[in-house]
Amino acid sequence: ALRLIGRLAFPLYAYQLAEGTQHTRNTGRYLLRLALFALLSELPFDLALQGGHFTWQAQNVYWTLLLGAGAIFAYQRTEQSIWLKWTGPLAAAATATLLRTDYGWYGVLVILLFFLTRQDSQKRAAWVVIPLAMQVTAPLALLPITHANGEKGRGWKWPFYLFYPVHLLALYALRLWLAP
């Protein structure tokens with residue numbers, strides 16, 4: 001049941017990231033912040049899900065978010081041929097797969113679809129629901145997203161950034177408590 005509820009989180013974060021890339025004043029700082037939280041979240045992720053210290057078996061979702069943001073910035077900055085425009089996103093998806101990030105290439109695709117359909121909520125619903133359907137309850141996240149106005153949020157950035165590593169540490173503590 002908790003996993004089904006948790007499947008709502010990724011589409012919400014992916015949508016917010018796609019929107020955030022459009023509102024940031026400094027892409028370098030945006031990417032650096034995602035990279036720092038990816039590093040900060042890796043040990044809690046490994047502890048909560050692998051039960052031990054750093055492992056290459058899987059990497060936390062912040063790496064996927066970082067690669068998704070990089071894919072968007074690369075796509076935006078390439079003015080030349082359509083083939084070159086897709087080089088950055090394809091490289092990001094391949095990197096997500098190689099690093100075994102949470103959601104992998106699929107996550108990068110969802111982030112990019114939120115970006116590409118940001119101007120048209122009907123297109124967004126049609127295109128994003130297809131990959132989200134792979135995660136049974138994930139399409140339900142589109143309900144609050146359809147009511148978003150696309151404007152920059154006010155002051156809620158840090159709690160959302162911190163929630164992920166803190167909740168992983170709480171899950172690890174619960175794991176220790178239930179199975180000493």
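The values are calculated or read from the model by the stated rules, or taken from the named source; none is laboratory data. For clarity, every value in this text was computed on a predicted model and none was experimentally measured. Because the Cβ atoms are built from the backbone with ideal geometry, glycine has one as well, and the counts that use them run over all protein chains shown. Note: accessible area is taken over every heavy atom of the protein model, side chains too, but ligands, DNA and RNA are not part of it. Shrake-Rupley method; radii C 1.70, N 1.55, O 1.52, S 1.80 Å.
A few points about this structure:
- Only one entry in 25, 29 is part of a loop (DSSP other than H, G, I, E, B), more than 19 Å from residue 97 (Cα to Cα) and out of contact with any Phe, Trp or Tyr (no Cβ under 8 Å at 6 or more places or on another chain), namely 25.
- Among the residues of the stretch 59-89, just one is farther than 20 Å from residue 161 by Cβ and either modelled with pLDDT of 95 or more or within 15 Å of the chain's Cα centre (by Cα) (or both), namely 89.
- Elements of type helices (runs of 4 or more DSSP H) in the stretch 97-176, at least 3 residues being open to solvent by less than 60 Å² (accessible area, probe 1.4 Å): 104-116, 121-132
- Residue in the stretch 18-59 that is surrounded by the fewest Cβ atoms within 10 Å (Cβ to Cβ), counting only those that are without any contact (Cβ under 8 Å) to a residue 40 or more places away in the chain and in contact with a Ser or Thr (Cβ under 7 Å, 6 or more places away or on another chain): 30
- Among the criteria (1) open to solvent by 40 Å² or more (accessible area, probe 1.4 Å); (2) in contact with a strand residue (DSSP E or B) (Cβ under 8 Å, 6 or more places away or on another chain), the one residue 80 does not fulfil is (2).
- Of all the listed residues (130, 145), the sole one being in contact with a helix residue (DSSP H, G or I) (Cβ under 7 Å, 6 or more places away or on another chain), of a type in the set (Val, Ile, Thr) and modelled with pLDDT under 90 is 145.
- Taking residues in the stretch 79-93 that are of a type outside the set (Gly, Ala, Ser), and partners anywhere that are assigned to a loop (DSSP other than H, G, I, E, B) and open to solvent by less than 80 Å² (accessible area, probe 1.4 Å), the pairs with Cβ atoms closer than 6 Å and at least 6 places apart or on different chains are 84/78; 85/78.
- When we screen 168, 116, 98 for residues that are aliphatic (A, V, I, L, M) and within 21 Å of residue 8 (Cβ to Cβ), the only hit is 168.
- Near pairs, Cβ below 7 angstrom, 6+ apart or cross-chain, from the stretch 4-17 (open to solvent by 60 Å² or more (accessible area, probe 1.4 Å)) to any residue that is at pLDDT 90 or above: 13/65
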